[in-house]
């Protein structure tokens, strides 16, 4: 009789107080990355980055909260590998080989060299870099090992000029337009977004060749955490729903980005 009473009370509580059971399942996901607009930008702003908005659109209906904060990339990679945080935005699979990756990517990264309009220089191979001064972003992995080695070997010379800070690309573009460097290299959509923020016309610059091949970037979840695979599966299901409903493109439209899978 006592067991029956307890069971009845539990059933009534579950029916009348669903908020308690849903609250128990709610998680706060610590998400970190260095600013890389339009993928992710200033936390709490009207345009925090489309990857941040996509994560919220996927996880908030499930009762979870996205705690997105800025963090230097090397630190973000270290903290995700150790399990201190739950996810990072924009990781290539080789950057965090032990991370739990969803099947759905968050971007297709295509790195191009850019020069000031009128400059005839084109990137062909590493030898073609010998005649120019390149602006890079410090600690950035460009996805091409030979180029990464060239940057590392020359970053204390005028040939490679690494820039630090949240606005590293903007500074490189300013140096490029001022003629203080000859070229810089960055993802096409990132350059377009940054020029828009700077109120500089895109045709002020010219593409000067692609570095490597386009690669997928992911929301990477922490290795070893019991919920990481659950989050990755939820992200896959959520992305499929957002894409099918047209909501994904609505988010991307705010940032001038096309769906990389269409």
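The values are calculated or read from the model by the stated rules, or taken from the named source; none is laboratory data. As the structure is a prediction and not an experimental result, all values here were calculated from the model. Cβ coordinates were reconstructed from backbone atoms using ideal geometry, including for glycine residues, and neighbour counts include every protein chain displayed.
Values as computed for the structure displayed
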| quantity | calculated |
| --- | --- |
| Those residues of segment 72-100 which are surrounded by fewer than 20 Cβ atoms within 10 Å (Cβ to Cβ) and either touching a helix residue (DSSP H, G or I) at 6+ places or on another chain (Cβ under 7 Å) or outside the structural domain of residue 239 (by TED's automatic domain parsing) (or both), in sequence order | 95, 98 |
| Scan of segment 180-194 for residues that are farther than 12 Å from residue 205 by Cβ, assigned to a helix (DSSP H, G or I) and in contact with a strand residue (DSSP E or B) (Cβ under 9 Å, 6 or more places away or on another chain), ordered by number | 189, 190 |
| Spans of helices (runs of 4 or more DSSP H) in segment 1-108 with at least 3 residues at pLDDT 95 or above | 50-59, 73-82 |
| Where residue 60 falls short, out of the listed (1) in contact (Cβ under 8 Å) with a residue 12 or more places away in the chain; (2) in contact with a strand residue (DSSP E or B) (Cβ under 8 Å, 6 or more places away or on another chain); (3) farther than 25 Å from residue 173 by Cβ | (1) |
| Segment 214-262, subset free of Cβ contacts under 8 Å to residues at least 60 places away in the same chain and under 25 Å from residue 76 (Cα atoms), residue surrounded by the fewest Cβ atoms within 10 Å (Cβ to Cβ) | 226 |
| Residue 174 vs. criteria more than 21 Å from the chain's Cα centre (by Cα) and farther than 25 Å from residue 42 by Cα | no |
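Conditions (1) farther than 16 Å from residue 106 by Cβ; (2) assigned by TED's automatic domain parsing to the domain that holds residue 40, marked per residue:
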site: 226; (1), (2): yes, yes
site: 232; (1), (2): no, yes
site: 247; (1), (2): no, yes
site: 258; (1), (2): no, no
site: 261; (1), (2): no, no
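So that you can scan it fast, the table gives a plain yes or no per residue for (1) within 23 Å of residue 78 (Cα to Cα); (2) out of contact with any strand residue (DSSP E or B) (no Cβ under 8 Å at 6 or more places or on another chain); (3) in the same structural domain as residue 93 (by TED's automatic domain parsing):
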residue	(1), (2), (3)
121	no, no, no
124	no, no, no
129	no, yes, no
138	yes, no, no
145	yes, yes, no
151	yes, no, no
158	no, yes, no
162	yes, no, no
